[in-house]
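Presented below is the structure to which this report refers.
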Amino acid sequence: MATEVALSASSTDNTIHVWDIRSGSSLFSFKQSQSLKGGLTVVSKPGNGLEVGSVVSAQTDRAILNVYQFHKDQVMHKMITSEKMISVTASHQGQYLAAATAAGKVYLWHIPTGHLMRMFEAHYRPIHRLVFSYDDSTLLTASEDASVSVWLLTHLVEEDRPAPLYSWSDHTLPVTDVYVGLGQLSSARVCTASLDHTVKLWDMATGHLLTTFLFPKPVSSVLMNPSETMLFAACEDKIYSVDLYKRRQDQTYESIGGMGRVESVGIKDQHQQQNKPSLGSIFSGHTGTIHSMSLSFDGTLLISGAEDGECIVWDVASRQSLRTFSLHKGPVTHVSCFLRPIELQPNASNTLPMPWAPLKRMMSTFEEERRSTSLHIIQNTAMDMSIHHQPIEEGSFSSESERHKIRKTVSDLRELKVIKANDIENNILIC
């Protein structure tokens with residue numbers, strides 16, 4: 001039976017902990033790492049988005065990315081970078097790694113080969129959050145300059161001076177977090193959180209603002225449940241949960257907000273009726289600012305990490321604290337929940353580590369990329385380890401296949417926009 005674990009890290013504690021979310025017991029730990037908020041990411045094994053193969057941590061005091069794997073508690077690879085990185089993320093299929101600097105630059109690497117695919121200036125201020133969309137077709141960057149940019153991966157790989165697909169600048173203070181919902185580019189929704197006390201919900205297909213949720217305090221972290229019917233926002237030491245759909249008198253449901261409307265959460269409006277229920281429920285238990293949140297796969301458990309050094313596991317339905325993980329000796333800046341790695345399963349057999357090539361500090365030419373070869377792990381249902389490693393010429397299969405998928409997604413998006421425009425024109429003519 002597959003079980004879930006949580007991984008938590010701190011900005012001052014040198015240990016990354018892996019623990020069971022159901023029992024709270026510690027299962028494993030990585031040594032010699034300190035991570036700022038947004039400075040750690042889990043990396044899926046190539047081609048298997050549900051199986052975590054590595055953990056990457058941007059070090060707070062030097063230009064190094066530490067790569068860990070579940071075979072040992074020490075650093076597996078030390079990746080020296082051109083600049084000190086403050087945030088890092090990986091694509092869901094384990095093919096790309098992106099990292100950002102305090103100067104607003106973004107570096108994009110191809111993990112199997114280590115090639116630096118692109119280095120570009122995305123913002124004018126530090127970038128504290130990087131997120132890939134669920135289909136890996138876009139990369140989102142959030143900055144202290146109060147803006148969020150959406151970049152097509154195909155543009156980042158192929159264009160010398162990529163321009164963002166969207167640039168959202170509706171926030172008035174630094175953006176603290178970004179959450180991308182499920183689905184492809186043409187159907188996904190995005191939540192952005194900011195110190196301006198708001199969470200904004202966006203439509204990825206059009207780039208339009210759907211709803212603004214106004215909270216009583218600055219928002220430090222945001223996410224939605226798997227069905228995207230509930231939103232969670234961390235405001236200082238409290239978490240607000242907001243139902244995104246409300247039941248009507250005819251027992252049907254309608255969405256909250258829309259059309260750019262503003263919805264207040266936890267704030268009493270002077271014109272609000274006394275008997276009208278307030279929008280949002282509260283999780284209380286932390287004594288410091290909450291920096292990170294994650295949900296179990298079924299959405300029934302919420303895990304939060306805060307400045308008080310504690311991780312709390314909450315029951316979403318009752319909003320009650322079930323257990324607390326307190327082994328960290330400093331502020332918790334990262335929590336994530338994923339399936340228990342094979343290496344940590346009881347009676348686990350020896351498994352091969354996820355292959356990593358050294359991350360290059362200079363961009364490679366196209367000819368260099370085509371000449372290079374890399375060892376990819378090819379999944380084999382028979383588990384015949386003698387043929388488990390197969391060399392693939394870079395550029396002839398993996399990259400071209402990925403680029404084809406991205407181009408198709410972009411084409412679908414453009415077609416969707418044309419259809420929507422025609423629908424709007426027809427409605428105007430009818431009126």
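Among the numbered conditions (1) at pLDDT 95 or above; (2) more than 20 Å from Val313 (Cα to Cα); (3) part of a loop (DSSP other than H, G, I, E, B), tell me where Ser33 comes up short.
Failed condition: (1).
Looking at region 162-195, which of the residues that are among the small types (Gly, Ala, Ser) and closer than 15 Å to Leu214 by Cα is surrounded by the fewest Cβ atoms within 10 Å (Cβ to Cβ)?
Within region 162-195, the first condition is being among the small types (Gly, Ala, Ser), and the residues that meet it are 163, 167, 169, 181, 183, 186-188, 193-194.
Now restrict to residues that are closer than 15 Å to Leu214 by Cα: 193-194.
Values: Ala193: 28, Ser194: 24.
The qualifying residue surrounded by the fewest Cβ atoms within 10 Å (Cβ to Cβ) is Ser194.
Say whether the condition of being small (Gly, Ala, Ser), on the phi > 0 side of the Ramachandran plot and crowded, with 18+ Cβ neighbours inside 10 Å is met by at least one residue in region 130-144. Spell out how you get there, then give the answer.
Filtering region 130-144 down to residues small (Gly, Ala, Ser) leaves 133, 137, 142-143.
Next, from what is left, pick out any that are on the phi > 0 side of the Ramachandran plot: none.
Looking through region 130-144, none of the residues is small (Gly, Ala, Ser), on the phi > 0 side of the Ramachandran plot and crowded, with 18+ Cβ neighbours inside 10 Å.
With the requirement that a residue be of a type in the set (Val, Ile, Thr) and in a loop (DSSP other than H, G, I, E, B), what does region 1-30 give you? Outline the logic, then answer.
First pass over region 1-30, keeping only residues of a type in the set (Val, Ile, Thr): 3, 5, 12, 15-16, 18, 21.
Of everything in region 1-30, those that are of a type in the set (Val, Ile, Thr) and in a loop (DSSP other than H, G, I, E, B) turn out to be Thr3, Thr12, Thr15, Ile21.
Does at least one position in region 106-127 carry a residue that is assigned to a loop (DSSP other than H, G, I, E, B), among the basic types (Lys, Arg) and at pLDDT 95 or above?
Yes, region 106-127 contains a residue that is assigned to a loop (DSSP other than H, G, I, E, B), among the basic types (Lys, Arg) and at pLDDT 95 or above.
Identify all residues within region 186-215 that are farther than 23 Å from Leu139 by Cβ, out of contact with any His (no Cβ under 7 Å at 6 or more places or on another chain) and of a type outside the set (S, T, N, Q); write none if there are none.
Hits for region 186-215 are His197, Phe213.
Are there any pairs, at least 6 apart or on different chains, whose C-beta atoms fall under 7 Å, with the first in region 111-133 and touching a residue at least 24 places away in the same chain (Cβ under 8 Å) and the second among the basic types (Lys, Arg) and part of a loop (DSSP other than H, G, I, E, B), and if so, which?
Short answer, once both residue conditions are applied: Gly114/Lys360; His115/Lys360; Leu116/Lys360; Leu116/Arg361; His128/Lys37.
Which residue out of Ser11, Ser25, Ser44 is surrounded by fewer than 22 Cβ atoms within 10 Å (Cβ to Cβ) and over 30 Å from Val219 (Cβ atoms)? Can you show your working first?
Details: Ser11 fails: over 30 Å from Val219 (Cβ atoms); Ser44 fails: over 30 Å from Val219 (Cβ atoms).
Only one candidate qualifies: Ser25.
Considering each residue of region 81-105, count those that are basic (Lys, Arg) and either buried (at least 23 other Cβ atoms within 10 Å of the Cβ) or in a strand (DSSP E or B) (or both), and give that number. Explain how you work it out, then say what you get.
At the first step, the residues of region 81-105 found to be basic (Lys, Arg) are 84, 105.
In the following step, the residues that additionally are either buried (at least 23 other Cβ atoms within 10 Å of the Cβ) or in a strand (DSSP E or B) (or both) were identified as 105.
Of the residues in region 81-105, 1 are basic (Lys, Arg) and either buried (at least 23 other Cβ atoms within 10 Å of the Cβ) or in a strand (DSSP E or B) (or both).
Scanning region 48-74 for residues that are more than 20 Å from Ser349 (Cβ to Cβ) and touching a residue at least 60 places away in the same chain (Cβ under 8 Å), which turns out surrounded by the fewest Cβ atoms within 10 Å (Cβ to Cβ)? Give the steps one after another, and end with the answer.
Taking region 48-74 first, the residues more than 20 Å from Ser349 (Cβ to Cβ) are 49, 55-68, 74.
In the following step, the residues that additionally are touching a residue at least 60 places away in the same chain (Cβ under 8 Å) were identified as 65, 67.
Details: Leu65: 24, Val67: 21.
The extreme case among them is Val67.
The values are calculated or read from the model by the stated rules, or taken from the named source; none is laboratory data. Values in this document were obtained by computation on a predicted structure and should not be read as measured data. As a convention, Cβ positions derive from the backbone with ideal geometry for all residues, glycine included, and neighbour counts pool all protein chains shown.
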